[in-house]
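Have a look at the structure below, then the notes.
What follows is calculated from the coordinates using simple rules that are stated; it is not laboratory data. Quantities reported herein were computed from a predicted structural model and do not represent experimental measurements. Positions of Cβ are generated from backbone atoms using ideal geometry, with glycine treated the same way; all protein chains shown enter the neighbour counts.
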Amino acid sequence: MPELRLERNPELLVAGPLARSAADLALALDVLARPRDPSMPAEALASPRSTSPGGLRVALWLDEPFAPVDATVAAAVWKAALMLEAAGAIVDESARPAFSFEEAWEVFAVLTHALIGAGLPDKARDKLAAREHDFLSGDLSHRALQARGMRLSTPDFLGIQARRARLREEWARFFEHIDVLLCPPAPTGPIRHDQKPDPHARSIEVNGKQRPYFDLMLWACLATGAGLPAAVAPVMLGPDGLPRGVQIIAASFEDRTAIACAAMLETLGASFKAPPMTSP
């Protein structure tokens, strides 16, 4: 099932409509892109760079030690890249923006926790922030980043925003030579609900190994942290009969390019297929 994530302000606000086709997703975008104030001009979204795979410049970001991906998800991302390549796209497995995955994750996670903390009661926020001294400088574990975000001072906030601005600049340079980036939507496929009250006590399974629950957000940081549009398109069903897909990231305000790429995959045979009903 295609999905589109839109991010348009420093507060990491994301709208993610679900649709049964890329065409329906494009229709949803037309509605969401309208200004809330009718007296304001409509937000300008660029036309898609291409509506067919021929000559489409595609980057593939999949091999990432900091964010390991389950083999079933990797297979779907690879399949999407191969489908586009077979139809004439130019796939580059080594193209990357000029920053590390860790940098993108740290900026995204600290800002996210700072914004969450701003909405918490003082006692709850202070309790989480007090744990900052339990971690070494540069610790990128989920609990460490949460504590740092909860205690973010004004100078630190401005520093994080400056780092975020640099990420955006590097993405802009990257998309001068690349049309779309393909990468995993998440490190694993659909998971069973985990109702443990403390989310840090939850876990997910990636290639048979337990990983922290919040690793689910790792691959979302690339687009959301930099304010880029990302469409998630279905590619295949995994061994469990549940969908596996690919995340398609495009340049800022080029949402229609991400959707157009999803439409290409749909035309090539990777359309939405409802998973079979399963018992709990």
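Couple of notes before you dig in:
- Helix 101-118 axis, angle to the chain major axis (alpha carbon atoms, nearest 10°): 60 degrees
- Residues whose amide H lies under 5 Å from that of I204, counting only those 5 or more places away or on a different chain, are R211, Y213; hydrogens are built 1.01 Å from N in the peptide plane.
- Dipole of the range 103-199, positive direction: furthest Cα of I178, A129, V110, with charges on the beta-carbon: A129
- Aspartates and glutamates with Cα under 20 Å of K123, excluding same-chain neighbours fewer than 8 positions away: E132, D134, D198
- Of all DSSP beta bridges in the chain, antiparallel share, percent nearest 5: 75 percent
- By average C-beta atoms within 10 angstrom, highest first, the peptides 246-258, 139-151, 87-99, 51-63: 246-258, 139-151, 51-63, 87-99
- Distances between placed amide hydrogens fall under 5 Å for M236 paired with R244, all partners being 5 or more residues away or on another chain.
- Summing Cβ point charges (Lys, Arg +1; Asp, Glu -1) relative to the Cα centre of the chain gives a dipole of roughly 460 debye.
- Partner lysines for K273 [C-alpha distance under 29 Å; skip if fewer than 8 residues away on the same chain]: K79, K209
- Karplus-derived 3J(HN,Hα) values for the range 244-256, using 6.51 cos²θ - 1.76 cosθ + 1.60 with θ = phi - 60°, are 10, x, 10, 8, 10, 9, 10, 5, 4, 6, 10, 4, 5 Hz; glycine and proline are entered as x.
- Hydrodynamic radius (Kirkwood) for the range 102-196, which is based on Cα pairs only, to one decimal in Å: 15.4 Å
- For the chain, average projected area of the Cα convex hull in nm²: 16.2 nm²
- Table column - 3J(HN,Hα) (Hz), the range 219-230, Karplus curve with 6.51, -1.76, 1.60, x for Gly and Pro: 6, 6, 5, 4, 7, 5, x, 9, x, 9, x, 9
- Cα centre as origin, Lys/Arg/Asp/Glu Cβ charges: the range 63-145 dipole, Debye: 420 debye
- Fluctuation leader among G16, G189, G119 - the chain, Gaussian network, Cα springs under 10 angstrom: G119
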